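Participant: Take this structure, written in structure tokens, and hold onto it; I'll ask about it next.
Values quoted throughout were computed directly from the atomic coordinates according to the rules given, and no laboratory measurement underlies them. Just so we're clear, the structure is a prediction, and the values are computed from it rather than from any experiment. We place every Cβ from the backbone using ideal geometry, glycine too, and count neighbours over all the protein chains shown.
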Amino acid sequence: MTCRSTRRLPTRITRGAANEVIADASFLVEPTVEALTAQLDAALDGARPPTAPAEHAKRYDWDAIAEQVEAVYRRAIDGAW
């Protein structure tokens, strides 16, 4: 995990797909009290992500995602993982 700082707010680059999925519709922070406190303070002071989360979510086909998640659960339950 590497950290970077932008002009907006601290962000976290993760190993998973979080950055790709969340993109600029949210803020990712290091899992520390200090980082979370700083991010919450910034949000309370009016900081907002560049893209509205609801607008970003419209990019995804939620029915297809639900089917994919269900298929993964079924494979796990059936031991076909």
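Participant: Tabulate in residue order the Karplus-calculated ³J(HN,Hα) for region 64-69, using 6.51 cos²θ - 1.76 cosθ + 1.60 with θ = phi - 60°, rounded to whole Hz; enter x for Gly and Pro.
Facilitator: Result, rounded to whole Hz: 5, 5, 4, 5, 5, 5.
Participant: Residues with beta-carbon under 13 Å from that of residue 81, excluding residue 81: net charge, scoring Lys, Arg +1 and Asp, Glu -1?
Facilitator: After counting each charged neighbour, the total is +1.
Participant: Give me a comma-separated list of calculated 3J(HN,Hα) values for region 72-78, in order, Karplus coefficients 6.51, -1.76, 1.60 applied at θ = phi - 60°, integers in Hz, x for any Gly or Pro.
Facilitator: Working through the residues one at a time gives 5, 4, 5, 5, 5, 5, 7 Hz.
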